[in-house]
Amino acid sequence: MSISRQNLSIIIVTLRSEKVIDKCIQSIDSNLPIIVVENSDNLTFKKYIEDKYKNVNCLLANKNLGMGAGNNIGIKASNTDYVYVINPDTTIEKNTLDEIFLASKELEEFTILSPISSDINFPNYKLPNSNFVNKIKKKPFKVNHVDGYSILINKKKFPNNDYFDESFFMYLENNDLCKRVLNKGGSIYVIPNAKINHLGASTVDSKYFNEIELSRNWHWMWSTFYYNKKYKGFLLSLFIVLPKILSTLIKIMFFSLVFNKNKKRIYYQRFSGLLNAIIGRSSWYRPKI
């Protein structure tokens, strides 16, 4: 079940990512096919990226579908057995792919792999004992989940093409994918000799910071309730988020009294995201960018 340059494609979902995409693509072997899924109708971006990089095919989603749905478009468009899904604000180190290829030969089976984060203070995985720890290891080791900015998927383990749950617009779609993999008896590994660098929260141009911040707060709350409801049921999920609801309402009132409009908007977004998830509405909110 080994991975090679002949059976691997790279998937990158973008949205206003012009300032980071070049570094990402340039860190990848130019012989590997790259599918960029742009969550807009930006023909200028498509032309730029395809003209500059001969191994890149840019697909326009024509609207902002979110990370999960965008990833699914790229995965389904690929014609290789394995796909490596990465964020545009990441770069892989020079020997990363070779270490992945080598590790895949040593494993009898796997559903998901990932390099390890180069920043030991921010591990990109969760161990079975629920701890996030960058342990000093030399061989691939099993984990419960890996962060969504770096997920290498064995497509043969998904015969029904049930990759990412598209109900999630952003946040927890990778947790959900990994949980479903484990529930079906699959395995997830981290490769400690392979490294990935992640800027974090830099996928979208920083000039849209305020709109993205509002969107993040809305969708974090929506996804939190939806994820819990999916695996724990409605009533238990409501009990879990009740303290968040009360805290958010208190902060909305407080920031109204002190005339802090920015903070008030953020906590209003949190409350709105939770309320919409609780009443069963889809993750409809989109940043105005």
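The values are calculated or read from the model by the stated rules, or taken from the named source; none is laboratory data. On a predicted model such as this, the values are computed, not experimentally measured, just so you know. Glycine gets a Cβ as well: all are built from the backbone with ideal geometry, and neighbour counts include every protein chain shown.
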Quick one: which of Leu97, Leu152 is under 14 Å from Lys195 (Cα atoms), in a strand (DSSP E or B) and in contact (Cβ under 8 Å) with a residue 24 or more places away in the chain?
-> Leu152
Counted residues, the range 218-230 - those being over 16 Å from Phe164 (Cα atoms) and either among the small types (Gly, Ala, Ser) or modelled with pLDDT under 95 (or both) | 0
Name every residue in the range 1-39 that is touching a residue at least 60 places away in the same chain (Cβ under 8 Å) and among the charged types (D, E, K, R), in order of residue number.
-> Arg5, Arg16, Glu18, Lys19, Lys23, Asp29
Specify the residue that is surrounded by the most Cβ atoms within 10 Å (Cβ to Cβ); the eligible residues are those in the range 56-78 that are among the polar types (S, T, N, Q) and under 23 Å from Ser27 (Cβ atoms).
-> Asn71
Scope the range 100-117; condition under 9 Å from Ala194 (Cα atoms) and outside any helix (DSSP H, G or I); matching residues = Ser114, Pro115, Ile116, Ser117
Output the residues belonging to the range 208-266 that are surrounded by 18 or more Cβ atoms within 10 Å (Cβ to Cβ) and aromatic (Phe, Trp, Tyr).
-> Trp218, Trp222, Phe225, Tyr226, Tyr227, Phe255
From the list Asn193, Asn154, Asn183, which residue is more than 15 Å from the chain's Cα centre (by Cα) and modelled with pLDDT under 95?
-> Asn193
